[in-house]
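So the structure is just underneath, and the comments pick up after that.
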Amino acid sequence: MNPLATPALLDALHWRYATKLFDPARRIPADQWTALEQSLVLTPSSYGLQPWKFIVVTDPALKAKLRPVSWNQSQIEDCSHLVVFLAKEDITEGDLDRFIARTAEVRGVPPESLAGYRGYMLGDLVKGPRHAVIAEWAARQVYIALGQFMACAALLGIDTCPMEGLEPAKYDEILGLKGSGYRTLAACPAGYRSPEDKYARLPKVRYEMDDVIEQR
Ligand SMILES: Cc1cc2nc3c(=O)[nH]c(=O)nc-3n(C[C@H](O)[C@H](O)[C@H](O)COP(=O)(O)O)c2cc1C
């Protein structure tokens, strides 16, 4: 690992902002986009269960359909790549089996050796009290992916705008998610800011460090 210099990290975090106007003429190069897709895949999640899917929209016709159900925000159409963040609606024993099989495959161990781990997940997420809030639990994992995606994009000099300003049920309909077991939570257009976007020049509004970080 070749660690980033601290000033480079802080520069990127200050440089990024929720982009309101994208330059519709600029496209993210394929190698950088692939790296950002990797940042989604590599996101950590509780138990490692990855209760998500990400739909990448570049088709102008589909973007045009999504814009009116996204509070008509122009970023949907003007960005280079639009990511729709989906969360699993439920976690079942089948999901645990899939994950155990994948772990066994990747790590080269027998699935039976993971029975204890499966038991923890079963007792917590499938049969335990947390099952009552499982959709919320899944949503929390998905937001980790959104945060990681935005930070990684900034490090590559790519702009993003996290978006909850959309109608999730309409997204589900347009994207054909009925019966898939996944639902829309948020979207994130990515691309390059327009020089006209005055929001890029506004100072960041954040509470003081001492107000939000407590040292003990
Ligand atoms: C989950 C989430 C949803 C948001 N939804 C929208 C949105 O729909 N449209 C928009 O322009 N900005 C949206 N924002 C951007 C926030 O307003 C912005 O991140 C915040 O004001 C901090 O400013 P900065 O990101 O420019 O530093 C959203 C941010 C988050 C984290």
Next on the checklist: For segment 130-151, give me each residue that is away from the ligand (no atom under 15 Å from the Cβ) and not small (Gly, Ala, Ser).
Outcome noted: Arg130, His131, Val133, Ile134, Trp137
Checklist entry - Out of the residues in segment 1-19 that are of a type in the set (A, V, I, L, M) and within 16 Å of the ligand (Cβ to nearest atom), which is surrounded by the fewest Cβ atoms within 10 Å (Cβ to Cβ)? => result Leu10
Checklist entry - Can you name every residue in segment 30-75 that is in a loop (DSSP other than H, G, I, E, B) and either loosely packed, with under 13 Cβ neighbours inside 10 Å or at pLDDT below 95 (or both)? => result Leu42, Pro44, Asp59, Trp71, Asn72
Item to check | From Ala186, Ala145, Ala139, Ala154, residue being modelled with pLDDT of 95 or more, surrounded by 15 or more Cβ atoms within 10 Å (Cβ to Cβ), out of contact with any strand residue (DSSP E or B) (no Cβ under 7 Å at 6 or more places or on another chain) and among the hydrophobic types (A, V, I, L, M, F, W, C) | outcome: Ala154
Checklist outcome for this item: When segment 14-29 is checked residue by residue, the ones that are without any contact (Cβ under 8 Å) to a residue 12 or more places away in the chain and more than 20 Å from the chain's Cα centre (by Cα) are Ala25
Next on the checklist: Here are the criteria: (1) more than 16 Å from the ligand (Cβ to nearest atom); (2) touching a strand residue (DSSP E or B) at 6+ places or on another chain (Cβ under 6 Å). Tell me which single one Phe22 does not satisfy.
Outcome noted: (1)
Checklist entry - Would you say Arg102 is within 16 Å of Pro51 (Cα to Cα) and basic (Lys, Arg)? => result yes
Checklist entry - Is at least one residue of segment 156-164 more than 23 Å from Ala8 (Cα to Cα) and outside any loop (DSSP other than H, G, I, E, B)? => result yes
Next on the checklist: Checking Ile144 against (1) touching a helix residue (DSSP H, G or I) at 6+ places or on another chain (Cβ under 7 Å); (2) more than 12 Å from Asp90 (Cα to Cα): exactly one of these is not met. Which one?
Outcome noted: (1)
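From Gly108, Gly123, which residue is farther than 16 Å from Glu93 by Cα, away from the ligand (no atom under 16 Å from the Cβ) and not aliphatic (A, V, I, L, M)?
Gly108
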Item to check | Out of Gly176, Gly157, Gly181, sole residue that is over 17 Å from Val57 (Cβ atoms), out of contact with any Lys or Arg (no Cβ under 8 Å at 6 or more places or on another chain) and small (Gly, Ala, Ser) | outcome: Gly157
Next on the checklist: I'm trying to understand the selection: among the residues of segment 171-193, which are within 14 Å of the ligand (Cβ to nearest atom) and either of a type in the set (S, T, N, Q) or assigned to a loop (DSSP other than H, G, I, E, B) (or both)?
Outcome noted: Thr184
Next on the checklist: I'd like to check something: does segment 37-58 contain any residue that is in contact with a helix residue (DSSP H, G or I) (Cβ under 6 Å, 6 or more places away or on another chain), farther than 16 Å from Ala145 by Cβ and in contact (Cβ under 8 Å) with a residue 40 or more places away in the chain?
Outcome noted: no
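The values are calculated or read from the model by the stated rules, or taken from the named source; none is laboratory data. The model shown is predicted, which means the values in this text are computed figures rather than measured ones. As a convention, Cβ positions derive from the backbone with ideal geometry for all residues, glycine included, and neighbour counts pool all protein chains shown.
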